[in-house]
Amino acid sequence: MYSLVLLLHSWLRWAALAAGAYATFAAAADSTGARASRTDRAGLAFVTLVDVQLLLGLLLYLVLSPFTKEAFRDFGAAMHVSGLRYWAVEHPTMMFLAVILVHVGRVLARTAKTPASRRVRQMVCFGLATVLMVVGTPWPGLPNGRPLLRV
């Protein structure tokens, strides 16, 4: 089960990152700010993908991952081991903040008074969320890096 969920989580990150980049650029290019615009559809896709990623990540974090199981045995000691600290605190914190920013961007866009403010709110929130996702991803070559395409 761990391998399957990890595989799905790993592959879905590409869709979530692409959706984040697309939603950010769509908001930047949207001059109309219409509610049924390409930007709104891109934002909905981004929210959906990060929510699925969050669910898979929580399943890994709370139930399946041997890294977090080890960290939870002695959390204080785990904070002194960079690999355990990364998987127990750093990665989930950055990704959870990214999910919050995506949702905040959607809500703020819905409550915007003008199309220009709607566009700016989406662009800022989606852009910051995408940057957090890029920074929080365990890229190959980093101390806690993982393969680009897990098979």
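The values are calculated or read from the model by the stated rules, or taken from the named source; none is laboratory data. Everything quoted here is computed from the prediction, not taken from an experiment. Virtual Cβ from ideal backbone geometry, glycine too; neighbours counted across all protein chains shown.
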* To do: Go through the residues of region 101-120 one by one and say whether even a single one is in a helix (DSSP H, G or I), within 24 Å of residue 1 (Cα to Cα) and not charged (D, E, K, R).
  => no
* **Whichever residue in region 47-105 is farther than 25 Å from residue 122 by Cα and hydroxyl-bearing (Ser, Thr, Tyr) and, among such residues, is surrounded by the fewest Cβ atoms within 10 Å (Cβ to Cβ)** => 82
* **Within region 106-133, considering residues that are under 15 Å from the mean Cα position of the chain (by Cα) and surrounded by 21 or more Cβ atoms within 10 Å (Cβ to Cβ), the one farthest from residue 14 (Cα to Cα)** => 125
* Asked: Mind checking whether some residue in region 2-9 is crowded, with 16+ Cβ neighbours inside 10 Å and modelled with pLDDT under 95?
  -> no
* Asked: Going by the structure shown, is residue 32 closer than 19 Å to residue 125 by Cα, among the polar types (S, T, N, Q) and surrounded by fewer than 17 Cβ atoms within 10 Å (Cβ to Cβ)?
  -> yes
* What are the residue pairs meeting all of these: first residue in region 90-101, first residue within 21 Å of residue 143 (Cβ to Cβ), second residue hydroxyl-bearing (Ser, Thr, Tyr) and part of a helix (DSSP H, G or I), Cβ atoms under 7 Å, and 6 or more apart or on different chains? -> 92/61
* To do: Determine, yes or no, whether residue 42 is under 26 Å from residue 4 (Cβ atoms) and part of a helix (DSSP H, G or I).
  => no
